[in-house]
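The values are calculated or read from the model by the stated rules, or taken from the named source; none is laboratory data. Bear in mind that the values here come from a model prediction, so they are computed numbers and not experimental data. Reconstructed Cβ throughout: ideal geometry from the backbone, glycine too, with neighbour counts over all protein chains shown. Side chains are part of the model used for accessible areas, which takes the heavy atoms of the whole protein and leaves out ligands, DNA and RNA. Shrake-Rupley method; radii C 1.70, N 1.55, O 1.52, S 1.80 Å.
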Amino acid sequence: MRCGARWNGFGLTDMSRVAIVAALEREVWPLVKHWRVSDKQHGGRSFRFFESGDAVVVCGGIGAEAARRAAEAVIVLYQPGIIYSAGYAGALYPAIGIGQVMRPARVIHVGDGSSVSIAGGEGVLVTAASVASPAQKRTLRESFAAQAVDMEASAVARAAEARGIEFAAIKAISDEFEFEFPAPDRFVDAEGRFLEMRFALFVAVRPWFWLRVIGLARNSRRATRALCDDLQRLTSQENSAAATALEPFRKEAR
């Protein structure tokens, strides 16, 4: 991340920030639960931002369109130096386990094959329009030589590219290669919000799903812990770097 600031006589300005775009608050809650909360408007929509030092997190909702809107909002309102797509991903290999964290070197949009490369990353993440079944995961792995699949990263990458901002991704595996579950599209509204009550009613009358739901909840918690541990290290490093960069300006101001 590029850290820089100048003293304008009234305070420090032009300080680069790290922005993180996630889909749902549950993915990042252990990280942001004690952060400052700000509700702001952009493009006629309301977004909730969690702020700590030079880090800001926004949870835009599930899917590419929701991720794009959230990314554009945080870019316009906070002018970050780098923006991350963070959250859950599905494994494309049986050997990749729950809670493994991936910082990909390449993110590919499944729909049109466009991609973005990320310096210092490792592996390939593909972004698909919906949760992939085991058969679809196999096809994605073979077609793109990828290790994981998500639903938002390429949209955040495109928003960053349009604004000339550095992009990266951090994803934690929440569903294994063989895990299969009903397509969640029916439980997500136009704003990308997960409709928990509709999902609960769907599952309540289908007892054959109960064990899978329990397993998914357990796996999601593991993925959340691993993701937030990694994000905590990231934001701590960024805040420390920013403090170091600002010290000469503080001395000058004194």
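Observations
- Flag if Val116 is farther than 19 Å from Arg193 by Cα and in a strand (DSSP E or B): yes
- Looking only at the range 227-242, and only at residues there that are open to solvent by less than 40 Å² (accessible area, probe 1.4 Å) and at pLDDT 70 or above, the one that is nearest to Val56 (Cα to Cα): Thr235
- Elements of the type strands (runs of 3 or more DSSP E) sitting completely within the range 19-97 and holding at least 1 residues that are surrounded by fewer than 24 Cβ atoms within 10 Å (Cβ to Cβ) and among the acidic types (Asp, Glu): these cover 36-42, 45-52.
- Restricting the first member to the range 15-39 and to residues that are among the aromatic types (Phe, Trp, Tyr), and the second to residues that are part of a strand (DSSP E or B), the beta-carbon pairs closer than 7 Å and six or more apart or on different chains are Trp35/Phe50; Trp35/Glu51; Trp35/Ser52.
- Condition check for Ala146: in contact with a strand residue (DSSP E or B) (Cβ under 8 Å, 6 or more places away or on another chain) and in a loop (DSSP other than H, G, I, E, B): yes
- Test result for Ala153, at pLDDT 95 or above, crowded, with 21+ Cβ neighbours inside 10 Å, of a type outside the set (Lys, Arg) and touching a strand residue (DSSP E or B) at 6+ places or on another chain (Cβ under 8 Å): yes
- Subset of the range 120-134 (residues that are in a helix (DSSP H, G or I) and either of a type in the set (Asp, Glu) or at pLDDT 95 or above (or both)): none
- As a summary of the residue check, Thr139 satisfies the conditions (1) farther than 24 Å from Cys228 by Cβ; (2) open to solvent by less than 60 Å² (accessible area, probe 1.4 Å); (3) of a type in the set (Ser, Thr, Tyr); (4) not in a loop (DSSP other than H, G, I, E, B) except for the one numbered (2).
Okay, residues lined up against (1) without any contact (Cβ under 8 Å) to a residue 40 or more places away in the chain; (2) more than 23 Å from Arg222 (Cα to Cα):
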| site | (1), (2) |
| --- | --- |
| Phe50 | yes, no |
| Ala66 | no, yes |
| Ala73 | yes, yes |
| Gly81 | no, yes |
| Ile98 | no, no |
| Ser117 | yes, yes |
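- Check on Ala129, among the small types (Gly, Ala, Ser), within 15 Å of Glu152 (Cβ to Cβ) and open to solvent by 40 Å² or more (accessible area, probe 1.4 Å): yes
For (1) modelled with pLDDT of 85 or more; (2) crowded, with 18+ Cβ neighbours inside 10 Å; (3) in contact with a strand residue (DSSP E or B) (Cβ under 6 Å, 6 or more places away or on another chain); (4) in a loop (DSSP other than H, G, I, E, B), each residue gets a yes or a no:
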site: Ala162; (1), (2), (3), (4): yes, no, no, no
site: Pro182; (1), (2), (3), (4): no, no, no, yes
site: Ala200; (1), (2), (3), (4): no, no, no, no
site: Ser220; (1), (2), (3), (4): yes, yes, yes, no
site: Thr224; (1), (2), (3), (4): yes, yes, no, no
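- Test result for Val107, within 20 Å of Arg233 (Cβ to Cβ) and modelled with pLDDT of 95 or more: no
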